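Written out below as structure tokens is the structure these notes cover.
The values are calculated or read from the model by the stated rules, or taken from the named source; none is laboratory data. Just so you know, these numbers come straight off a predicted model, no measurement behind them. So basically every Cβ, Gly included, is an ideal-geometry build from the backbone, and we count neighbours across all protein chains shown.
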Amino acid sequence: MAEYETVLVEQRGRVGWITLNRPDALNALNAQVSREVSHAAAAFDEDPGVGAIVVTGSERAFAAGADIKEMEDMTAERMLATDHFGEWNTFAAVRTPVIAAVSGYALGGGCELAMMCDIILAADSAKFGQPEINLGVIPGMGGTQRLIRAVGYYKAAELILSGRIMDAAEAERSGLVSRVVPAADLLAEASALAESIAAKSLPSVYAAKAALDTAMETTLAEGLAHEKTAFAALFDTADQKEGMSAFREKRPPEFRHR
Ligand code: CO8
């Protein structure tokens, strides 16, 4: 496994774990963190022995945003020329399902990182927000686009324009978070969820994630056409035969591709 300085990377069974580890900066996302998280996620994605990825932070902070100190002196020219934070496109493109296990602050780029994942599990201590407006900027890693898709235009507009931070219960009510759990149980819950996903057949998991991604990008008619084709294609897999005969024989499936 590659050497990382700002993240802890570990494989447990069929689950890849990426833990942000810049405690002195509340896991602020600098260029090195972006590079390392994206690299670790891409490496897990290439490994068929990994069926789900969990990204998490510390109890106090998932990530308190992009690194303000690193960005402070940037110019527009340099930002555009260097595609600052372009690494996150690699992260967002992995085929393997990614769970964000969020405790404490998920602000700015931290909230945006959580939204690049497929599922957000939150500790009851979690706090979500896009406070960039207070810094004289706007979200820059997808916040204005993904938050709307998660919580709707009006809620997203309020959060982005005011910079207000919402707690875990409000985030769950708004549809950003799939479940809130006691902080002490967060990692165990994330682990159980990741293991249950990693036990499925990989081709169907990849197909489900690709279809969900398509729904974010396209019209209903195009999305339905994508789903129909992907659904049919899975009938060429041994795992579909196994899954359906296991159902008929009243036994758990033994998927080959996982
Ligand atoms: N960047 C750099 N350092 C940070 C950040 C950050 N985002 N957040 C916290 N830190 C540092 C603090 O500076 C402090 O360091 P030090 O001890 O050396 O002064 C340490 O972490 C601890 O923080 P605090 O002392 O502030 O802890 P508090 O418990 O008092 O407050 C808060 C916690 C409320 C989370 C507070 O730290 C805070 O408001 N942080 C900034 C939140 C924020 O504004 N986030 C948005 C950042 S901008 C962004 O994310 C844009 C993303 C798009 C980029 C796209 C580029 C192309």
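Before moving on, here are some points about what is shown:
- SER204 being surrounded by fewer than 17 Cβ atoms within 10 Å (Cβ to Cβ) and either more than 26 Å from the chain's Cα centre (by Cα) or not aliphatic (A, V, I, L, M) (or both): no
- Among the residues of the range 69-107, those that are closer than 18 Å to GLU172 by Cα and small (Gly, Ala, Ser) comprise ALA100, ALA101, SER103, GLY104, ALA106.
- Take the conditions (1) part of a loop (DSSP other than H, G, I, E, B); (2) more than 30 Å from ASP185 (Cβ to Cβ); (3) of a type in the set (S, T, N, Q); SER58 misses just one of them, which is (2).
- Looking only at residues in the range 103-112 that are part of a loop (DSSP other than H, G, I, E, B) and within 10 Å of the ligand (Cβ to nearest atom), the one that is farthest from GLU70 (Cα to Cα) is GLY104.
- Scan of the range 65-97 for residues that are of a type in the set (D, E, K, R), outside any helix (DSSP H, G or I), within 11 Å of the ligand (Cβ to nearest atom) and at pLDDT 95 or above, ordered by number: ASP67, GLU72
- Candidates in the range 8-27 are the residues that are more than 16 Å from the chain's Cα centre (by Cα) and without any contact (Cβ under 8 Å) to a residue 60 or more places away in the chain; of these, the one that is surrounded by the fewest Cβ atoms within 10 Å (Cβ to Cβ) is ASP24.
- Qualifying residue in the range 131-152 (condition: touching a strand residue (DSSP E or B) at 6+ places or on another chain (Cβ under 6 Å), within 13 Å of the ligand (Cβ to nearest atom) and at negative phi): yes
- Test for ALA100: is it more than 8 Å from the ligand (Cβ to nearest atom), within 16 Å of the chain's Cα centre (by Cα) and not in a helix (DSSP H, G or I): yes
- The set of residues from the range 28-38 being within 12 Å of the ligand (Cβ to nearest atom), surrounded by fewer than 22 Cβ atoms within 10 Å (Cβ to Cβ) and assigned to a helix (DSSP H, G or I) comprises just one member, ALA31.
- Residue match in the range 209-228 (condition: modelled with pLDDT of 95 or more, among the polar types (S, T, N, Q), under 23 Å from MET116 (Cβ atoms) and loosely packed, with under 13 Cβ neighbours inside 10 Å): yes
- Matching residues in the range 62-78 - criterion: being over 30 Å from ALA210 (Cα atoms) and surrounded by 13 or more Cβ atoms within 10 Å (Cβ to Cβ): ASP67, ILE68, GLU70, MET71
- The residues in the range 206-246 that are touching a residue at least 12 places away in the same chain (Cβ under 8 Å), polar (S, T, N, Q) and assigned to a helix (DSSP H, G or I) can be counted, and the count is 2.
- Given (1) more than 27 Å from SER178 (Cα to Cα); (2) crowded, with 22+ Cβ neighbours inside 10 Å, number of the condition VAL98 does not satisfy: (1)
- Residue within the range 39-55 that is outside any strand (DSSP E or B), in contact with a helix residue (DSSP H, G or I) (Cβ under 9 Å, 6 or more places away or on another chain), within 16 Å of the ligand (Cβ to nearest atom) and more than 21 Å from ASP185 (Cβ to Cβ) present: no
- Every residue from the range 28-61 that is in contact (Cβ under 8 Å) with a residue 12 or more places away in the chain and among the charged types (D, E, K, R): ARG35, GLU36, ASP45, ASP47, GLU59, ARG60
- Of the residues in the range 121-128, at least one is more than 12 Å from the ligand (Cβ to nearest atom), within 24 Å of SER58 (Cα to Cα) and under 14 Å from the mean Cα position of the chain (by Cα).
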